[in-house]
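The values are calculated or read from the model by the stated rules, or taken from the named source; none is laboratory data. Given the structure is predicted, the values throughout are model-derived calculations rather than measurements. Positions of Cβ are generated from backbone atoms using ideal geometry, with glycine treated the same way; all protein chains shown enter the neighbour counts.
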Amino acid sequence: MATDEFGFPLGEGWPEIDAKGMTEVDLLMVHSYGITLPQMMENAGLSLATLARARYFGGNAEGRRVVVLAGAGGNGGGALTAARRLAAWGAKVVLVLAQDAAAMTPVPTLQLGILREMGLHPADVPADAPDLILDGLVGYSLRGDPHGRAAELIGWANASPAPVLALDAPSGFDAASGALRAPAMQADATLTLALPKAGLAGCAATGALYLADISVPPGLYARLSVPRAVPTFAKGTILRLSKP
């Protein structure tokens with residue numbers, strides 16, 4: 001089986017999906033299959049932490065310094081879930097929120113509560129560069145240019161020498177149009193979820209592109225308003241996708 005240099009199987013034949021299609025996927029997951037947002041978030045976060053450990057830490061996260069940038073929605077919740085996993089694996093994690101904790105949506109708030117019980121509380125960005133930055137600021141639901149604290153954190157990450165691993169799409173990538181907004185995160189690698197978002201593969205800000213299984217039943221894609229035929233994750237739950 002062909003793999004990349006970090007041991008992840010190579011994947012081919014995965015169709016793209018835009019923001020509207022991904023919203024359909026999420027709704028069908030919950031309302032037709034009973035697969036909840038917390039379940040999807042667990043799968044996304046575990047995959048992000050697994051990719052981080054293998055690609056950036058040689059399989060051992062012990063003592064590695066990770067800054068996790070988290071927004072208010074599902075993308076931030078996935079990043080917080082990855083933070084929990086990495087902290088449990090021995091990484092030194094710093095949580096940086098793009099908003100007041102009280103402004104977060106319910107499911108990410110639950111993830112933040114778990115982290116607080118573990119002794120991890122939101123902080124400011126560190127003075128010294130970490131070993132890795134996880135980008136969970138904005139996902140496929142971006143509308144308009146990033147602004148406020150999210151824009152500031154994108155600028156901080158882009159100025160840091162640390163590599164950035166983005167969840168689903170680099171913050172600033174507009175999944176509705178496939179274009180980059182300003183500012184936009186410049187990722188070393190991106191772990192996209194379920195299906196690659198339209199335009200990601202050809203976007204320079206994406207970096208190396210990976211795809212994670214968040215447990216979407218294959219038959220769901222045939223029920224979309226624009227049906228899609230998809231391969232399976234038979235080779236592994238994280239795949240390396242080729243770029244143009």
Complete set of residues in region 132-149 that are surrounded by 23 or more Cβ atoms within 10 Å (Cβ to Cβ), of a type in the set (Gly, Ala, Ser) and assigned to a loop (DSSP other than H, G, I, E, B): GLY139
Please identify the pairs in which a residue from region 18-31 that is free of Cβ contacts under 8 Å to residues at least 60 places away in the same chain has its Cβ atom under 7 Å from the Cβ atom of a residue that is of a type in the set (A, V, I, L, M, F, W, C), counting only partners at least 6 apart or on another chain. VAL30/LEU37
One residue from ALA54, ALA49 being in a helix (DSSP H, G or I), aliphatic (A, V, I, L, M), surrounded by fewer than 21 Cβ atoms within 10 Å (Cβ to Cβ) and touching a residue at least 40 places away in the same chain (Cβ under 8 Å): ALA54
Quick check: is even one residue across region 197-216 crowded, with 22+ Cβ neighbours inside 10 Å, out of contact with any strand residue (DSSP E or B) (no Cβ under 7 Å at 6 or more places or on another chain) and of a type outside the set (Gly, Ala, Ser)? no
Would it be correct to say that ARG64 is in contact (Cβ under 8 Å) with a residue 24 or more places away in the chain, within 23 Å of ALA129 (Cβ to Cβ) and in contact with a Phe, Trp or Tyr (Cβ under 9 Å, 6 or more places away or on another chain)? yes
Scanning region 153-182 residue by residue, the ones that are modelled with pLDDT of 95 or more and over 18 Å from GLY78 (Cα atoms) total 9
Please verify whether GLY144 is touching a residue at least 40 places away in the same chain (Cβ under 8 Å) and closer than 20 Å to ALA19 by Cα, treating the condition exactly as stated. no
Got at least one residue in region 39-46 being of a type outside the set (Asp, Glu), closer than 28 Å to ALA151 by Cβ and in a loop (DSSP other than H, G, I, E, B)? no
Only one of these is under 29 Å from PHE8 (Cβ atoms) and not in a loop (DSSP other than H, G, I, E, B): ALA187, ALA166, ALA129. Name it. ALA166
All but one of (1) free of Cβ contacts under 8 Å to residues at least 12 places away in the same chain; (2) of a type in the set (Asp, Glu); (3) part of a loop (DSSP other than H, G, I, E, B) hold for GLU152; state the number of the condition that does not hold. (3)
Residues of region 84-126 that turn out to be touching a residue at least 40 places away in the same chain (Cβ under 8 Å), assigned to a loop (DSSP other than H, G, I, E, B) and closer than 24 Å to GLY155 by Cβ, as a count: 4
